[in-house]
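> Below: one structure in structure tokens.
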Amino acid sequence: MYPDIRELARRAMIERGFLAEIPEDARAEVETKAEPAFDALKIRDLRSLLWSSIDNDESRDLDQIEYAKSEPGGIRVYVGIADVDWFVHEDSMLDRAAKHNTTSVYTGVRTFPMLPERLSTDLSSLNEGEERLAIVVEMLITDDGRAGESSVYAAIIKNKARLTYNGVAAWLEGAAGSSEIDGEILSKIEANPELQAQLRLQDQAAEHLRKARHEAGALAFHSSDVNPVVSTEGVVLDLEVRRQNRATALIEDLMIASNETTAQFLDQNGFPSLRRVVNTPERWDRIVSLAASLGHELPPEPDVKSLAEFLDAQRRTNPAHFPDVSLAVVKLLGRGEYVARAPRDNTPGHFALAAHAYSHSTAPNRRFPDLITQRLLKGVLAGASPAYSAGELAALAAHCTEREDAANKVERFVKKCAAAVLLQNKIGHLFDGVVTGVTDRGRWARISHPPVEGKIIDHGGGLDVGDRVRLRLAFVNPERGFIDFELAN
């Protein structure tokens, strides 16, 4: 008897303190919301630009769209971010529900949205062909990858082309799509020469930004995600692996630049901000010894440029094992967190991105920190006082960090439940893996096929993060998300 994995996901949400359903009073509040009278607004009208969005095939909560144009000084990039605050007022029922969860939770089998779908996939989603309010981050990207000049303002926008990562990546790389949706996106692009020019410009701007970030020491990892494939009855059929491609990298680079620009804009205007930080690595000594075991010397003190050079070398010379090395370094860096920053404070930056100022701002339909940042930006634009005091921001930073950690645990649990279903008939089989966690509660390892993490149930003495191991599958429990391995060597 297979468990209903969607029901397991719902239970996991409740056990971790989330609202698995949007409260009735918040849903009722949505019914009072309506689109503004756009032509009566005295803000910039950018509806004529050829805006486009790039997201996952199934995404319906579209938070940002992009436009670019070539200028003598570089490429001017516009990132339009959905004005969610227009509909979700501070301390409203909608705001309280969003503040409780702080994030949409994507389990792969069911999405638990932070906001009701009437908002997140309709009124405040930047859907193709719809007029919308947005906060626009405008940046001139020079050939050396700097945001030479920038501005932030409110505007009316209109998405002219809803695109997907896989479809855009296939077009940029001159490849055939692998699905019906890819084919639809390729046809849309190939029928529109102006859209083709847009995507080339955006890709070029992203490459300039990426090169500059890497020269500054930003780390480049092997990035992939696993999502369960389930039947209409909630039965697990397979695990789908999604890897980074050229289009996901394009959007990532433009969003990083937007988030840096947003943080700097708030600083320049004397406003507090909610920063996303990754401190210097918690276990730099282990990263040093891991690099040494692969013939690379790192300095004794944390240095992001040296670590970036090590990862780049591993990608070039050791491609088969680079995913394992990349995963180990990610684990050893430690988690990111939100912190409140007052103007002129000496706040830590984002070690992995080599960014001194970084504030989540580009996904207000999906993340509460981005909605907080949007309210701060609108305060600057309106000439008003900050929406939050320093004390309120500090409390919200801690709460958002804790809820993000809980959401990650829910997502990992559901994916382990799905993997356990698929591994039920492989007890005793051998797998190659890499150690991903070492705590006083035990040791964990990840195998590659399927890409899933489990606990090493014997002592595993002497093992540390990054060590490669041969494992035997000992036990699975799909309902509890247990996957246990024994050392085979």
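The values are calculated or read from the model by the stated rules, or taken from the named source; none is laboratory data. In this text the structure is predicted, and so the values were computed from the model without any measurement. Cβ: placed from backbone, ideal geometry, glycine included. Neighbour counts: every protein chain shown.
> Is it true that Lys378 is more than 21 Å from the chain's Cα centre (by Cα) and touching a residue at least 60 places away in the same chain (Cβ under 8 Å)?
On the way: more than 21 Å from the chain's Cα centre (by Cα): yes; touching a residue at least 60 places away in the same chain (Cβ under 8 Å): yes.
Here the answer is yes, as Lys378 does meet what is asked.
> Regarding the stretch 274-287, can at least one residue be identified that is at pLDDT below 95, more than 18 Å from Leu353 (Cα to Cα) and not polar (S, T, N, Q)?
yes
> Restricting to the stretch 254-284, name every residue that is assigned to a helix (DSSP H, G or I) and either more than 23 Å from Ser389 (Cα to Cα) or of a type in the set (Lys, Arg) (or both).
Looking only at the stretch 254-284, we keep the residues that are assigned to a helix (DSSP H, G or I), and these are 254-268, 284.
The answer is Leu254, Met255, Ile256, Ala257, Ser258, Trp284.
> Can we say Ser178 is surrounded by fewer than 16 Cβ atoms within 10 Å (Cβ to Cβ) and of a type in the set (S, T, N, Q)?
On the way: surrounded by fewer than 16 Cβ atoms within 10 Å (Cβ to Cβ): yes; of a type in the set (S, T, N, Q): yes.
It is true that Ser178 is surrounded by fewer than 16 Cβ atoms within 10 Å (Cβ to Cβ) and of a type in the set (S, T, N, Q).
> Okay, next question. Which pairs have Cβ atoms under 8 Å, sit 6 or more apart or on different chains, and link a residue in the stretch 473-489 that is free of Cβ contacts under 8 Å to residues at least 24 places away in the same chain to one that is part of a strand (DSSP E or B) and of a type in the set (D, E, K, R)?
Asn489/Arg470
> Tell me, yes or no, whether the stretch 123-135 has at least one residue that is basic (Lys, Arg) and in contact with a strand residue (DSSP E or B) (Cβ under 8 Å, 6 or more places away or on another chain).
Yes, the stretch 123-135 has at least one match.
> Take Asn408 and tell me if it is under 18 Å from the mean Cα position of the chain (by Cα), closer than 24 Å to Arg6 by Cβ and assigned to a loop (DSSP other than H, G, I, E, B).
Working: under 18 Å from the mean Cα position of the chain (by Cα): yes; closer than 24 Å to Arg6 by Cβ: yes; assigned to a loop (DSSP other than H, G, I, E, B): no.
Here the answer is no, as Asn408 does not meet what is asked.
> Using beta carbons and a limit of 6 Å, which pairs, at least six apart or on different chains, have the first residue in the stretch 423-443 and within 18 Å of Ala328 (Cα to Cα) and the second one among the aliphatic types (A, V, I, L, M) and not in a strand (DSSP E or B)?
Here the result reads Val435/Leu463; Val435/Val465; Val438/Val465; Arg443/Leu463, each pair linking the stretch 423-443 to a residue that is among the aliphatic types (A, V, I, L, M) and not in a strand (DSSP E or B).
> Is there a residue in the stretch 335-349 that is at pLDDT below 90 and outside any loop (DSSP other than H, G, I, E, B)? Write out each step before concluding.
Of the stretch 335-349, the ones at pLDDT below 90 are 335-336, 342-349.
If we keep only those that are outside any loop (DSSP other than H, G, I, E, B) as well, we get none.
Looking for residues that are at pLDDT below 90 and outside any loop (DSSP other than H, G, I, E, B), one finds none in the stretch 335-349, hence no.
> Select from the stretch 152-190 the residues that are over 23 Å from the mean Cα position of the chain (by Cα), free of Cβ contacts under 8 Å to residues at least 40 places away in the same chain and either under 17 Å from Trp51 (Cβ atoms) or in a strand (DSSP E or B) (or both) and list them in ascending order.
Across the stretch 152-190, the qualifying residues are Lys188, Ile189.
> On the given criteria, is Glu486 out of contact with any Gly (no Cβ under 8 Å at 6 or more places or on another chain), in a strand (DSSP E or B) and farther than 20 Å from Lys331 by Cα?
So Glu486 passes the test.
> Under 6 Å by Cβ, and 6 or more places apart or on different chains, what pairs join a residue from the stretch 396-422 that is among the hydroxyl-bearing types (Ser, Thr, Tyr) with one that is not in a helix (DSSP H, G or I)?
Final answer for the pair search is Thr401/Glu337; Thr401/Tyr338.
> Got at least one residue in the stretch 157-165 being within 26 Å of Glu260 (Cβ to Cβ), surrounded by fewer than 18 Cβ atoms within 10 Å (Cβ to Cβ) and touching a strand residue (DSSP E or B) at 6+ places or on another chain (Cβ under 8 Å)?
No, there is no match, as no residue in the stretch 157-165 is within 26 Å of Glu260 (Cβ to Cβ), surrounded by fewer than 18 Cβ atoms within 10 Å (Cβ to Cβ) and touching a strand residue (DSSP E or B) at 6+ places or on another chain (Cβ under 8 Å).
> Quick one: is Phe38 surrounded by 14 or more Cβ atoms within 10 Å (Cβ to Cβ), in contact (Cβ under 8 Å) with a residue 60 or more places away in the chain and among the aromatic types (Phe, Trp, Tyr)?
Here the answer is yes, as Phe38 does meet what is asked.
> Looking at Ala154 and the list (1) out of contact with any helix residue (DSSP H, G or I) (no Cβ under 9 Å at 6 or more places or on another chain); (2) aliphatic (A, V, I, L, M); (3) buried (at least 18 other Cβ atoms within 10 Å of the Cβ), which single condition is not satisfied?
(1)
> Okay, next question. Pick out the one residue from Ala352, Ala363 that is touching a helix residue (DSSP H, G or I) at 6+ places or on another chain (Cβ under 7 Å), over 30 Å from Ile14 (Cβ atoms) and of a type outside the set (Ser, Thr, Tyr).
Result: Ala352 is the single residue among Ala352, Ala363 that is touching a helix residue (DSSP H, G or I) at 6+ places or on another chain (Cβ under 7 Å), over 30 Å from Ile14 (Cβ atoms) and of a type outside the set (Ser, Thr, Tyr).
> Mind listing just one residue for me: the one in the stretch 249-286 that is closer than 19 Å to Thr362 by Cα and of a type in the set (Phe, Trp, Tyr) and, of those, surrounded by the fewest Cβ atoms within 10 Å (Cβ to Cβ)?
Phe271
> Let me ask something additional. Is it fair to say Ala387 is assigned to a helix (DSSP H, G or I) and either over 30 Å from Arg341 (Cα atoms) or at pLDDT 90 or above (or both)?
Answer is no for this residue.
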